[in-house]
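The values are calculated or read from the model by the stated rules, or taken from the named source; none is laboratory data. Because the structure is a prediction, the values reported are computed rather than measured. Virtual Cβ from ideal backbone geometry, glycine too; neighbours counted across all protein chains shown.
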Amino acid sequence: METREQLRAEAWRALYDAGDAIRQRVFAAAQAKDLSPAQAHLLTRLEPSTPVTMSQAAQLLACDASNVTGLTDRLERRGLIERQTSATDRRVKMLALTPSGLEIRRELTEAFARLPSILVDLSTDELRAMRDLMRRLAASCAGRAAETDEASPTEGAPSAGPESAAG
């Protein structure tokens, strides 16, 4: 019989493998548009009609603002985003999607939203359980206590090690 520790490790590995498969889908969708994954990520994180500052873009991507400059340069050269001067501070540059950028963003968003067959085949109860578990995991990984989980470690959970350090 599997121990709780074995199940925990296997679940974490399965989740890691699923994340890797999802990344490969995202990379393929980006590559199909001749974009790097980071460029595709920026395009899909920008909201239509809502320009953001370079520092806000860095927060959306969870990276340093200096990384956004290079991404912005490349996307701007392709005509997918444009720098605009802030209406409140002319020193601040805002990033906005161009019409071409909006179209590529729409195509990428559609490609990312195509469901793997497993999700199509799951029952409503299975989908609800999966959604709830993924929300709890996302909240935990983001350092927040999930709605159904206390901030303290769960019973028998390791306090250190690869599983908890990677989360």
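At-a-glance table
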{"read-out": "Flag for ASP17 being over 12 Å from the mean Cα position of the chain (by Cα), of a type in the set (Asp, Glu) and modelled with pLDDT under 95", "value": "yes"}
{"read-out": "Residue pairs meeting the criteria (Cβ under 6 Å; at least 6 apart or on separate chains; first under 25 Å from LEU108 (Cα atoms) and assigned to a strand (DSSP E or B), in the stretch 74-93; second among the polar types (S, T, N, Q) and at pLDDT 95 or above)", "value": "GLU82/THR98"}
{"read-out": "Scope the stretch 26-51; condition basic (Lys, Arg) and within 13 Å of the chain's Cα centre (by Cα); matching residues", "value": "ARG45"}
{"read-out": "Members of the stretch 29-55 that are outside any loop (DSSP other than H, G, I, E, B), closer than 17 Å to ARG105 by Cβ and out of contact with any Phe, Trp or Tyr (no Cβ under 9 Å at 6 or more places or on another chain)", "value": "ALA30, GLN31, ALA32, ALA38, GLN39, HIS41, LEU42, LEU43, ARG45, GLU47, THR50, VAL52"}
{"read-out": "Lone qualifier among GLU147, GLU163 - being of a type in the set (D, E, K, R), more than 21 Å from VAL52 (Cα to Cα), at pLDDT below 80 and surrounded by fewer than 10 Cβ atoms within 10 Å (Cβ to Cβ)", "value": "GLU147"}
{"read-out": "Residues satisfying the stated conditions in the stretch 94-129, i.e. among the hydroxyl-bearing types (Ser, Thr, Tyr) and without any contact (Cβ under 8 Å) to a residue 12 or more places away in the chain", "value": "SER117, SER123, THR124"}
{"read-out": "Test: residue in the stretch 14-27 that is among the aliphatic types (A, V, I, L, M), touching an Asp or Glu at 6+ places or on another chain (Cβ under 9 Å) and part of a helix (DSSP H, G or I)", "value": "no"}
{"read-out": "Some residue of the stretch 87-108 being surrounded by 12 or more Cβ atoms within 10 Å (Cβ to Cβ), more than 16 Å from the chain's Cα centre (by Cα), farther than 30 Å from ARG8 by Cβ and hydroxyl-bearing (Ser, Thr, Tyr)", "value": "yes"}
{"read-out": "Matching residues, the stretch 56-70, being over 22 Å from GLU110 (Cα atoms), assigned to a helix (DSSP H, G or I) and within 19 Å of the chain's Cα centre (by Cα)", "value": "GLN56, ALA58, GLN59, ALA65, ASN67, VAL68"}
{"read-out": "Qualifying residue in the stretch 72-83 (condition: over 22 Å from ASP34 (Cα atoms) and of a type outside the set (Asp, Glu))", "value": "no"}
{"read-out": "Only listed residue being on the phi < 0 side of the Ramachandran plot and surrounded by 12 or more Cβ atoms within 10 Å (Cβ to Cβ), chosen from GLU10, GLU47, GLU2", "value": "GLU47"}
{"read-out": "Criterion violated by ALA29 - all others in (1) surrounded by 18 or more Cβ atoms within 10 Å (Cβ to Cβ); (2) farther than 29 Å from LEU127 by Cβ satisfied", "value": "(2)"}
